[in-house]
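Here's the structure we're looking at; comments come further down.
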Ligand SMILES: C[S@@+](CC[C@H](N)C(=O)[O-])C[C@H]1O[C@@H](n2cnc3c(N)ncnc32)[C@H](O)[C@@H]1O
């Protein structure tokens, strides 16, 4: 039995990482969208929390110092080397081993929907950001098609289940109570791109640990029913992924 998300992520990390390695460009719109909102510039220190296997790094501009925080040992082993002065930290999101006011900006991509108390994480981000530092929080919106896919189909097709607590209407007030001014709150389409349906099904099966899925095509059909697909015949299939992104500054 796996009863905490820490254990579940340790168990799922290798397959998740294999999906990201096999199709490193599939989620490029997500990485570009969060960085467009964060707008980091050379010389800044950018915190990536949770970093998973370090996928944001490839999209950062030159001369940005990447500080990766990842709580699950299964993921942190994939973070790679700490070149360019980067820092790789395996620690809790709610108690990061970083000094106060030591980073300029923070991204949290798809990382808070399994946290038992998100406010502890938001306060920790506020602590480590310098005054006026920026925070982009990007995750699945409550009641969205993506939420339905994850807590519906993926919950059934993954023998460990999927029970995400997504971003609801309380999120801006929660961020405000933790010391942030929310300057934008948007639903951002960031479609996942593949060359064909088999690739899409293979990627999602690994990323979401869908060990009970009958076939890659069954995964693709579920994605089509819930999230939606669009096609450019002979060239690409895109899964209509979409995330809520809140852009904030710390007071
Ligand atoms: C969907 S992955 C996202 C990783 C990366 N930011 C990305 O976009 O690919 C979720 C991440 O949240 C971390 N995480 C979230 N909740 C957790 C919890 N309760 N315990 C341990 N790790 C957790 C996982 O370790 C993992 O890195």
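Things to note:
- Three-way shape label, the chain, alpha-carbon gyration tensor, a/c 1.5: prolate
- Relative contact order, percent, the stretch 35-147 [alpha-carbon distance under 8 Å, six or more residues apart]: 26
- Whole-Å semi-axes of the ellipsoid equivalent to the stretch 53-178 (Cα gyration tensor, √5λ, descending): 26, 19, 13
- Sum of -39500 (n - 2.57) over DSSP H runs of 4+, divided by residues of the chain (222 nm, nearest 500): -9000 deg cm²/dmol
- Largest GNM mean-square fluctuation among 24, 233, 172, using the chain with Cα springs under 10 Å: 233.
- Fraction of the pair-distance distribution of the stretch 12-80 above 13 Å, Cα-Cα pairs, percent: 64
- Helix 5-22 axis, angle to the chain major axis (alpha carbon atoms, nearest 10°): 70
- Helix 197-207 and the long axis of the chain differ in direction by around 50°, with both axes built from C-alpha atoms.
- Å³ per residue enclosed by the Cα convex hull of the stretch 177-251: 124
- Using a Gaussian network model of the chain in which every pair of alpha carbons under 10 angstrom is joined by a spring, one finds that among 234, 132, 54 the greatest mean-square fluctuation is at 234.
- Taking 70, 224 and counting other C-beta atoms within 10 Å, the order from fewest to most: 224, 70
- Remark: the residue 94-residue 211 segment gains 39.1 nm on full extension, using 0.36 nm per residue and subtracting the alpha carbon distance.
- Most mobile of 83, 211, 176 in a GNM of the chain (Cα contacts under 10 Å): 83
- Against the chain, whose longest principal axis comes from its Cα atoms, helix 28-38 is set at around 20 degrees.
- Under the criterion of Cα pairs below 8 Å and six or more residues apart, the relative contact order for the chain equals 22 percent.
Quick note: the coordinates plus some simple rules give every number you see, no bench work behind them. Remember, it's a predicted structure, so these values are computed and weren't measured experimentally. Note that each Cβ is placed from the backbone with ideal geometry, even for glycine, and that neighbours are counted across all protein chains shown.
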